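Below is one structure, written out as structure tokens, with a few remarks after it.
The values are calculated or read from the model by the stated rules, or taken from the named source; none is laboratory data. From a predicted model like this one, the values you see are computed outputs, not experimental measurements. So basically every Cβ, Gly included, is an ideal-geometry build from the backbone, and we count neighbours across all protein chains shown. Ligands, DNA and RNA are stripped out before the accessible areas are found, and what is left, the full protein with its side chains, is counted by its heavy atoms. Shrake-Rupley method; radii C 1.70, N 1.55, O 1.52, S 1.80 Å.
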Amino acid sequence: MDSDDELPKNAMLSFVACLQKFGNVDFLIGNAEVIGDFCCKRFTEEMLLTTNEQIVDKYISEDLYVMAWGKLIKRSFFLEKDLWFIEGLLHEDEYFSFRLMIYSSTAVIVKDYVYKYVVRHSGSITATKGKKNYVDYLRIITLKIDLMLREATYQKEPKIYSFFVSVLYGFTTYVIETECLRLNEKAMMLQEVRTLKDNLKQFKKRRSLQDSVKKWIINIAAFTYYIIIKVRS
């Protein structure tokens, strides 16, 4: 999805006003004025988030958007956490925003519009998906899970487990439905998804029916494509 975007004239004034009001924080995130067929959740109130738990909870509840735009990040924090995009990786804002939320301890939600986003589909690398989109997105999911496995604190949070089960389930459905991947490519990706799902056993979890069904579908999909490839070979 390509965009013709610009920073509204009052954006920096809104950020500065919030910094003066709430003090020094790791990052600020504001509303985006979206023009086109793209949905972005709107912030209706100004809010100070004072703990990492609050920030992560809002992120995994999809209350904070993953796009890189619309954010003002403290320079020293950005450099300390090495939040640069990974070169050549599609959907790079997914991993960028995930690390931003995981590492930050304070944030401000700005209810003003700070970004203008005009959706244009012509020539877009995200609207017209190819194999690289799926390969790179699977890599991003792997990077996220690897990061969580290194952060022992989060392994005790049941919501993180459900979040990743949902992410893996969603990716599984995308892989099954797409026509841009060959059968063997789908089979390999689904086996990787199944392995990632098994790696989640280190996280504390609530035994919800919804999570159990999603895990069952992931297992069945991986097994089915594995059998199909074996039979055809």
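Could you tell me whether segment 121-131 includes any residue that is of a type outside the set (G, A, S) and open to solvent by less than 30 Å² (accessible area, probe 1.4 Å)?
If we filter segment 121-131 for residues that are of a type outside the set (G, A, S), which is where we start, we get 121, 125-126, 128-129, 131.
Next, only the ones that are open to solvent by less than 30 Å² (accessible area, probe 1.4 Å) stay: none.
No, every residue in segment 121-131 fails to be of a type outside the set (G, A, S) and open to solvent by less than 30 Å² (accessible area, probe 1.4 Å).
Scan segment 190-231 for residues that are among the charged types (D, E, K, R) and either open to solvent by less than 70 Å² (accessible area, probe 1.4 Å) or part of a helix (DSSP H, G or I) (or both) and jot them down. Give the steps one after another, and end with the answer.
Keep residues of segment 190-231 that are among the charged types (D, E, K, R), which gives 192, 194, 197-198, 201, 204-207, 211, 214-215, 230.
Residues satisfying the conditions are E192, R194, K197, D198, K201, D211, K214, K215, K230.
Within segment 175-225, the set of residues being among the β-branched types (V, I, T) and either at positive phi or free of Cβ contacts under 8 Å to residues at least 24 places away in the same chain (or both) comprises T195, V213, I220, T224. Search segment 48-66 for residues being of a type in the set (A, V, I, L, M) and surrounded by fewer than 18 Cβ atoms within 10 Å (Cβ to Cβ), and hand back the single one that is nearest to the chain's Cα centre (by Cα). Filtering first and then ranking leaves V66. Summed over segment 133-174, the residues that are open to solvent by 30 Å² or more (accessible area, probe 1.4 Å), closer than 18 Å to I86 by Cβ and at pLDDT below 95 give a count of 2.
Filter segment 67-94 down to the residues that are of a type in the set (D, E, K, R) and open to solvent by 50 Å² or more (accessible area, probe 1.4 Å), then identify the one that is farthest from A11 (Cα to Cα).
This residue is E87.
Note on segment 11-45: residues that are at pLDDT 95 or above and either farther than 18 Å from T106 by Cβ or open to solvent by 10 Å² or more (accessible area, probe 1.4 Å) (or both) total 1. How many of the residues in segment 103-112 are open to solvent by 10 Å² or more (accessible area, probe 1.4 Å) and either closer than 16 Å to L147 by Cβ or in contact with a Gly (Cβ under 7 Å, 6 or more places away or on another chain) (or both)? Looking only at that region, the number is 2.
Taking the criterion of being among the acidic types (D, E) and within 15 Å of N133 (Cβ to Cβ), the residues of segment 158-208 that qualify are E177, E179, E185.
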